[in-house]
Amino acid sequence: MPTYHYRCKNCNYDFTEQQSFSDDPITVCPKCGEEQVRKIYSAVPIEFKGSGFYRTDKAK
């Protein structure tokens, strides 16, 4: 299951939660109880494996 990062706009509490794709996003802060929680989006790391991804590789 994917892990999502959340932050409360009211108290700045950061937390992560494992949720299914079909689950609704969390909107209530577990610390202060306010409905000010927003999902934090970040870049996903990409790792290229195998030949053909480096400048030193020769195209065949």
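The values are calculated or read from the model by the stated rules, or taken from the named source; none is laboratory data. Every value quoted in this text rests on a predicted model; they were computed, and no experiment measured them. All Cβ positions, even for glycine, are placed from backbone atoms using ideal geometry, and neighbour counts span all protein chains on display.
Between a residue in the stretch 4-15 that is at pLDDT below 95 and any residue that is acidic (D, E) and surrounded by 13 or more Cβ atoms within 10 Å (Cβ to Cβ), which pairs come within a Cβ distance under 7 Å, given they are 6 or more apart or on different chains?
If the second residue must be acidic (D, E) and surrounded by 13 or more Cβ atoms within 10 Å (Cβ to Cβ), the pairs left are Y4/E17.
For residues in the stretch 12-26 being surrounded by 13 or more Cβ atoms within 10 Å (Cβ to Cβ) and in a loop (DSSP other than H, G, I, E, B), which is farthest from the chain's Cα centre (by Cα)?
Quick first cut of the stretch 12-26, residues surrounded by 13 or more Cβ atoms within 10 Å (Cβ to Cβ) only: 13, 15, 17, 19, 26.
Next, only the ones that are in a loop (DSSP other than H, G, I, E, B) stay: 13, 19, 26.
On the way: Y13: 16, Q19: 11, I26: 13 Å.
In this case the residue turns out to be Y13.
If the Cβ limit is 9 Å and pairs must be 6+ apart or interchain, which residue in the stretch 34-60 that is more than 21 Å from Q18 (Cβ to Cβ) and charged (D, E, K, R) pairs with which residue that is assigned to a loop (DSSP other than H, G, I, E, B) and at pLDDT 90 or above?
Here the result reads E34/K9; E34/N10; E34/C11; E34/V28; E35/N10; E35/T27; E35/V28; E35/C29, each pair linking the stretch 34-60 to a residue that is assigned to a loop (DSSP other than H, G, I, E, B) and at pLDDT 90 or above.
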